[in-house]
Amino acid sequence: MKTLHIGIAGAGPAGLAAALMLSRQGHRVEILERFDVASPVGSGLMLQPTGLTVLNALGLLQPMLVLGSRIDRLYGADAKSGRTVLDVRYNALSGGRFGLGVQRAALFNTLHDAAGKAGLPLRTGIALADVRMAGDKAVLLDADGREAGAYDLVIDASGARSALAAGSAVAPAVSELSYGAFWATLDSAGLAHDRHALVQRYDRAKVMIGILPAGRAREGEKERVAFFWSLKVADADVVRQAGLDRWKSVLLDYWPDCAPLLEQIDDWDRLTLARYTHRTMRPPVAGRVAFVGDSAHSTSPQLGQGANMALLDAAALAHALDTSPDLDAALAAYAAARRNHVALFQLLSLFFTPFYQSDSALLAWLRDRLVATVARTPPMPALLASIVSGTLVDPFKRTGLAECDWQALGVRPGGLLRSAADAISA
C-alpha cells in the first residue's frame, strides 16, 4: 500500500482513533471538524472490552483506566415494586472482563491530546456537505460548495446525521427513534450509589432513570456520574413547560436517592436532550469514502456499544489498509471485517430496545416477569454478559487485534488500578 493522503471528517472518538492509527502506519492524515473548537458532545458512556482493547492498541488504555470508573455489573429494578428486572455481571464470563464508565470528555481529551502530541493537523470550522470524485481523488466540499480538500481516501466519522452519509447512494434513510433521553454530568458527592455498577429504575418501558459512575474528565478533578432519564422526544417540550420542579418531583417519587443529583440541576440548560436514530449502511464504503462509527451504523444506546463499535471500525479500517495490496482491496476488506459484528449488534439493539424504551405495556410485562427469570438461568448470564461486552461474536481477529489480558493489567474486582505507575509497570 502506497502512502495515502487521507481526509477525516469529524474529530470524535472514531475520527481521532483512525487518525492516530493511520498516521502511525505512515499515511498523511488531516482531520476536518465542523465546530470552531473541537470538543466532546454528550455526557457519559460505557467502554466495553472491545473499545478498551482498541485503546490498548493505541497505547491509551492506562490513562483511560485511571480516569474511568470500573463497572462490574448492570442492574435495573422496577421503580415501584423494587423487583429486579436486569442483573448482568461481567464475571459471568471467564477472563476478568469489565466495563469502564467514562465521561465523554475523558475519552475525547485522551484521544485529542494524543493527536496533538503526534502533531496531526486539525482544521476546525469546516461544515462538510458533500464529496465528489475528481479523477482518482475524493474532493470534500463545504456547505457553500467550496473545496475543502482533495484526498486519496475520505473517512467519514461525522456522526449519525452526517451530511456525507446522507448524500451517499449506499446509505439508507435514517430512522428517527421516538424515545430519547435527558442527560447530565453531575458531581457524585453525597450520592448513595454503587461506584462499580450502572444502576437503572424502570416504570414499564416508558420511564427509565439511570446513574452511571463516570470517573473524571482529567486527573485531579472530582469524580462524577452520568445521570439520564428517558422520554419520548415529542414530549420534551411538554415536560419543560410543566416546570423543572414538577419534573424533579416525578423523579423523586420514583427514586428518592437521586435528590443530591437533582439539587444540582437548577436550569433546563443543565440537561441535554439526546435524540437517537437507527441506520445500518451496507457496505460502509462508497467509492473513495469509508464510513465509520455512527455515520455507518447508528442505533439506540441501550446496549452501550456506540463508541466501542466506532473504535472497532477505526481499527478494522487501519488493519485493512495495512494488510491489503491496494486501496480497493482494503476498502472491501474493511467492509467484510465489520459486516457480521455490526449486523448482529444492530439486530440485537432493535430487538432489546422496545423492552426498555417504548409504549408497549406487554413487552415491559414480559421483561419484568419472563425475561428477568430466564436471565438468571444458565447459560443466559454468560450470554448476556457477552452481549454487553460486545463479544458475542469475535470482533477482534478480523480487525488485527488481540483482546487484552485483563488479569495482567493490575485490575482487581471492586476497584481499578493501584496507581498509574503500578499499572504501567504491570
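The values are calculated or read from the model by the stated rules, or taken from the named source; none is laboratory data. What you are looking at is a predicted structure, and each value in this text was computed from that prediction instead of being measured. No Cβ is skipped: glycine too gets one built from the backbone with ideal geometry, and neighbour counts run over all protein chains shown.
Figures for the structure shown
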item	result
Some residue of segment 331-348 being in contact with a strand residue (DSSP E or B) (Cβ under 7 Å, 6 or more places away or on another chain), β-branched (Val, Ile, Thr) and part of a helix (DSSP H, G or I)	yes
Some residue of segment 212-234 being touching a residue at least 40 places away in the same chain (Cβ under 8 Å), β-branched (Val, Ile, Thr) and in contact with an Asp or Glu (Cβ under 7 Å, 6 or more places away or on another chain)	no
Strands (runs of 3 or more DSSP E) enclosed by segment 26-126 - at least 1 residues per element that are surrounded by fewer than 21 Cβ atoms within 10 Å (Cβ to Cβ) and more than 18 Å from the chain's Cα centre (by Cα)	28-32, 73-78, 84-89
Any chance Met21 is crowded, with 21+ Cβ neighbours inside 10 Å and of a type outside the set (Asp, Glu)	yes
Pick from segment 244-299, criterion of a type in the set (Asp, Glu) and under 26 Å from the mean Cα position of the chain (by Cα), ranking: surrounded by the fewest Cβ atoms within 10 Å (Cβ to Cβ)	Asp269
Every residue from segment 175-201 that is in a loop (DSSP other than H, G, I, E, B), farther than 12 Å from Cys258 by Cβ and of a type outside the set (D, E, K, R)	Leu177, Ser178, Ala189, His196
Tally of residues being crowded, with 16+ Cβ neighbours inside 10 Å, more than 22 Å from Arg279 (Cβ to Cβ) and aliphatic (A, V, I, L, M) across segment 321-368	6
Selection status of Ala165, within 30 Å of Lys248 (Cα to Cα), part of a helix (DSSP H, G or I) and within 20 Å of the chain's Cα centre (by Cα)	no
Where a residue in segment 1-27 is under 24 Å from Pro325 (Cβ atoms) and among the charged types (D, E, K, R) and its partner, wherever it lies, is modelled with pLDDT under 95 and not in a strand (DSSP E or B), with Cβ under 9 Å and at least six apart	none
Those residues of segment 354-370 which are in a helix (DSSP H, G or I) and touching a strand residue (DSSP E or B) at 6+ places or on another chain (Cβ under 8 Å), in sequence order	Tyr356, Ala364, Arg367, Asp368
